[in-house]
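Contents: one structure, followed by commentary.
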Amino acid sequence: MKDVVLSGIRSTGKLHLGNYFGALSKFVKMQEDYDCLYFIADLHALTTHPDASALHDNVKDIVAEYLAAGLDPEKATIFVQSDIPEIPELYLLLNMHVGIGELMRTASFKDKARKALGISRDGSDDEIEKDILGNESNSKRVNAGLLTYPTLMAVDILIQKAKYVPVGKDQEQHLELTRRFARRFNAFYGVDLFPEPTNFDFGGKPVKVPGLDGSGKMGKSEGNCIYLADDEKTLRKKVMRAVTDEGPKAPNSEMTEPVKNLFTLLELTSTPEIVTQFRDAYADCSIRYGDLKKQLAEDILKITLPIRERFLDIRSNDEYIAKVVREGAERARERAAKTLAEAREAMGIRRFW
């Protein structure tokens, strides 16, 4: 029996190169050896992007991109989070064992609350709490869904009894909370219902895909992305506009952050020979950033254009997308219903008919 692996991506826009190297390319390999469930987290998206006009299209985009990148619905279970009604029910039940304080202390909640309320990152936890309570009628209020995000993430995992959950550094705290919630529920009711999930160790150094703006990682909210669905002209333009510097002034100079970022992208997408060629050129001060960017664009396009072509084909086939997520939901619901029934029984929630 294969170990269960689960992962999801919020439906807040198209996927980018960071999603591909950080997750999707690895998911494609994992589906061969594990019992994999990959979902589109549309309920999670509502915590920060409650745009009804865009939500459905965003979900379709990610389903199509999952498939275009190589996920196989015959090998992995692909589903939409909101298609599993057992998830919100267990979310309600598990919240009865989760403390407000432990949720408010999570780093992601504080960061997103700061952003929602326009508070500087220097603001203290007390200031954040004061601003949250003082803005209940403000259009910038922090919704309860954002606060209980870790509970919903825990339910996504626990309801499928996943053993492994591949997460980045920013989600490690949420995974630890999931383990805590599982232990607490099991101990309170004297059951062995929820296994404690662990992060999936891919081995080697974690992949951090930088953005094109000279700092930080690639992200949709930062506006520094290369999207998997970008056309050739758009992609080339983005890469050619990537931030650099004036160039090395002396042999073997230390690289600035923007230049390091370009070389990181080159190492992810190009051959070792090409990387060495440009590193040597940087070391002897003969490098031309325009040539580096042209090469980088060519090598990225070799990866993304085939994905884009498959994406456009799949995205136009509503019948196929519906079939994939319908069958995926059926498989995911079968597991979820069993787990929910066990949780209700443990909690003494039984019907009289």
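The values are calculated or read from the model by the stated rules, or taken from the named source; none is laboratory data. Just so you know, these numbers come straight off a predicted model, no measurement behind them. Note that we place each Cβ from the backbone using ideal geometry, even for glycine, and neighbour counts take in every protein chain shown. Heavy atoms of the whole protein, side chains included, go into the accessibility calculation; ligands, DNA and RNA do not. Shrake-Rupley method; radii C 1.70, N 1.55, O 1.52, S 1.80 Å.
Some points to look at:
- The test for being within 30 Å of ALA341 (Cα to Cα) and at pLDDT below 90 does not hold for GLN160.
- Number of positions in segment 167-188 that are within 19 Å of the chain's Cα centre (by Cα), within 25 Å of MET1 (Cβ to Cβ) and open to solvent by less than 20 Å² (accessible area, probe 1.4 Å): 2
- Any helices (runs of 4 or more DSSP H) falling wholly within segment 29-117 and containing at least 1 residues that are of a type in the set (A, V, I, L, M, F, W, C) and free of Cβ contacts under 8 Å to residues at least 40 places away in the same chain: 42-45, 52-69, 86-95, 107-117
- Single residue of GLY134, GLY101, GLY123 found to be modelled with pLDDT of 85 or more, of a type in the set (Gly, Ala, Ser) and surrounded by fewer than 19 Cβ atoms within 10 Å (Cβ to Cβ): GLY101
- Against the conditions (1) closer than 22 Å to LEU312 by Cβ; (2) assigned to a helix (DSSP H, G or I), THR12 satisfies every one except (2).
- A single entry from ARG315, ARG335, ARG351, ARG331 fulfils the requirement of being in contact with a helix residue (DSSP H, G or I) (Cβ under 7 Å, 6 or more places away or on another chain), under 30 Å from LEU6 (Cβ atoms) and either surrounded by 13 or more Cβ atoms within 10 Å (Cβ to Cβ) or of a type in the set (D, E, K, R) (or both): ARG315.
- Some residue of segment 189-200 being more than 30 Å from THR339 (Cβ to Cβ) and either buried (at least 18 other Cβ atoms within 10 Å of the Cβ) or modelled with pLDDT under 95 (or both): no
- Options ALA329, ALA250, ALA281, ALA322: the member that is in contact with a strand residue (DSSP E or B) (Cβ under 7 Å, 6 or more places away or on another chain) and among the small types (Gly, Ala, Ser): ALA329
- Among the residues of segment 215-244, those identified as in contact (Cβ under 8 Å) with a residue 40 or more places away in the chain, part of a helix (DSSP H, G or I) and open to solvent by 70 Å² or more (accessible area, probe 1.4 Å) are GLU232, ARG236, MET240.
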